[in-house]
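**Q** The structure follows.
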Amino acid sequence: MPPGAPFPVAFFDRSSLEVAPELVGAYLVHQPARSVRLVARIVEVEAYLGDGSDPGSHCHRGRTPRNQAMFGPPGRLYVYRSYGIHTCANVVCEAEGRGAAVLLRAFEPVEGAVRMRRLRGLTPQALAREVGSGPGKLCQALGISLDDYGSSLLRGRLTLRRPGARDPTLPIARSRRIGLGKGCEHPYRFYARGHPCVSRGRPG
DNA sequence: CCAGAGATTTTCT
DNA sequence: GAAAATCTCTGGA
């Protein structure tokens, strides 16, 4: 079950609300220089709108040193530190200067699960659903850090790849976003309904 | 099962 | 000074 071809830049040069549901079922592949390949199947994402229209977005109040990658070209990573401790990863969408992105919230391990568990500090016996069922866990399990800030997902160490044929066992559902102070009223979260690797957080 | 506390950086008031 | 796109552990129902 090998992952497909990387998405072209045109895929990301659209509304984050259009891109988000199409990323559920897609593969995030991490190929380090000299280590096992890690393959993650995305099962949960959230869209953050551009153009200052989304009070839940880091870009709502304009550019800051932290969010400049979100205003950059599409198809790149916007990585930020959450609550001073964790790391979360977004895919930048829409044209440069818009400030739109999709937060990668959860995945199912497909390849390299042993290494993912070690990166997470879990025992080899830990359940698959504990490995990447949350945005902070996702980055830790895949070795994504602030060093990856602004890097391309079209080619290189980290790539986002097309799923094969639509998987009927992955019904895509929609809900309000999780963990937000403001802007939680809109249904911008997309996830694989019933999948064990979806995060435990409850929508606002 | 659910609620609360603590860890700790960036941003805003 | 306080809140935030979170996670883990603890204690109680």
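**Q** Looking at this structure, is A:LEU119 within 16 Å of DNA strand B (Cβ to nearest atom) and either over 22 Å from A:PRO3 (Cβ atoms) or modelled with pLDDT of 95 or more (or both)?
**A** no
**Q** If you don't mind, another one. Can you name the condition, by its number, that A:GLY52 falls short on among (1) touching a Pro at 6+ places or on another chain (Cβ under 9 Å); (2) among the small types (Gly, Ala, Ser); (3) part of a loop (DSSP other than H, G, I, E, B); (4) closer than 21 Å to A:LYS182 by Cα?
**A** Going through the list (1) touching a Pro at 6+ places or on another chain (Cβ under 9 Å); (2) among the small types (Gly, Ala, Ser); (3) part of a loop (DSSP other than H, G, I, E, B); (4) closer than 21 Å to A:LYS182 by Cα, A:GLY52 breaks only (1).
**Q** Somewhere in region A:156-178, is a residue out of contact with any helix residue (DSSP H, G or I) (no Cβ under 8 Å at 6 or more places or on another chain) and within 18 Å of A:MET70 (Cβ to Cβ)?
**A** Within region A:156-178, one or more residues are out of contact with any helix residue (DSSP H, G or I) (no Cβ under 8 Å at 6 or more places or on another chain) and within 18 Å of A:MET70 (Cβ to Cβ).
**Q** Hey, another quick one. Test A:ALA106 against the stated conditions and say whether it is over 20 Å from A:VAL39 (Cβ atoms) and among the aliphatic types (A, V, I, L, M).
**A** Criteria not met by A:ALA106.
**Q** Is region A:130-153 home to any residue that is more than 16 Å from the chain's Cα centre (by Cα), more than 16 Å from DNA strand B (Cβ to nearest atom) and outside any strand (DSSP E or B)?
**A** Looking for residues that are more than 16 Å from the chain's Cα centre (by Cα), more than 16 Å from DNA strand B (Cβ to nearest atom) and outside any strand (DSSP E or B), one finds none in region A:130-153, hence no.
**Q** Then there is this: Taking the residues in region A:17-73 that are without any contact (Cβ under 8 Å) to a residue 60 or more places away in the chain and at positive phi as candidates, determine which candidate is farthest from DNA strand B (Cβ to nearest atom).
**A** A:ASP51
**Q** Could you look through region A:86-97, keep only residues that are within 16 Å of DNA strand B (Cβ to nearest atom) and either over 18 Å from the mean Cα position of the chain (by Cα) or not hydrophobic (A, V, I, L, M, F, W, C) (or both), and pick out the one that is nearest to A:ALA10 (Cα to Cα)?
**A** Only one residue tops the list, namely A:ASN90.
**Q** Next question, about the same structure. List, please: which pairs have Cβ atoms under 9 Å, are six or more places apart or on different chains, and start with a residue in region A:109-133 that is surrounded by fewer than 19 Cβ atoms within 10 Å (Cβ to Cβ) and end with one that is among the acidic types (Asp, Glu)?
**A** Qualifying pairs under 9 Å: A:ARG120/A:GLU130; A:LEU122/A:GLU130; A:ALA128/A:GLU108; A:ARG129/A:GLU108.
**Q** What pairs can you find where one residue is in region A:83-102 and within 17 Å of A:PRO135 (Cβ to Cβ) and among the basic types (Lys, Arg), the other is at pLDDT below 95 and away from DNA strand B (no atom under 16 Å from the Cβ), and their Cβ atoms are less than 9 Å apart, with a gap of 6+ or different chains?
**A** Here the result reads none, with nothing in region A:83-102 linked to a residue that is at pLDDT below 95 and away from DNA strand B (no atom under 16 Å from the Cβ).
**Q** What pairs can you find where one residue is in region A:159-175 and in contact (Cβ under 8 Å) with a residue 40 or more places away in the chain and assigned to a strand (DSSP E or B), the other is loosely packed, with under 13 Cβ neighbours inside 10 Å and aliphatic (A, V, I, L, M), and their Cβ atoms are less than 7 Å apart, with a gap of 6+ or different chains?
**A** Short answer, once both residue conditions are applied: A:ARG161/A:ALA5.
**Q** Considering region A:7-34 alone, what residues qualify as being under 15 Å from the mean Cα position of the chain (by Cα), more than 17 Å from A:PHE71 (Cα to Cα) and not aromatic (Phe, Trp, Tyr)?
**A** A:GLU18, A:ALA20, A:PRO21, A:GLU22, A:LEU23, A:VAL24, A:GLY25, A:ALA26, A:LEU28, A:VAL29, A:HIS30
**Q** Here's a follow-up. Go through region A:55-69 and give me each residue that's crowded, with 17+ Cβ neighbours inside 10 Å and either more than 10 Å from DNA strand C (Cβ to nearest atom) or outside any loop (DSSP other than H, G, I, E, B) (or both).
**A** Correct list: A:ALA69 only.
The values are calculated or read from the model by the stated rules, or taken from the named source; none is laboratory data. Because the structure is predicted, anything quoted here is derived from the model rather than measured. Note: ideal-geometry Cβ built from the backbone for every residue, glycine included; neighbour counts use all protein chains shown.
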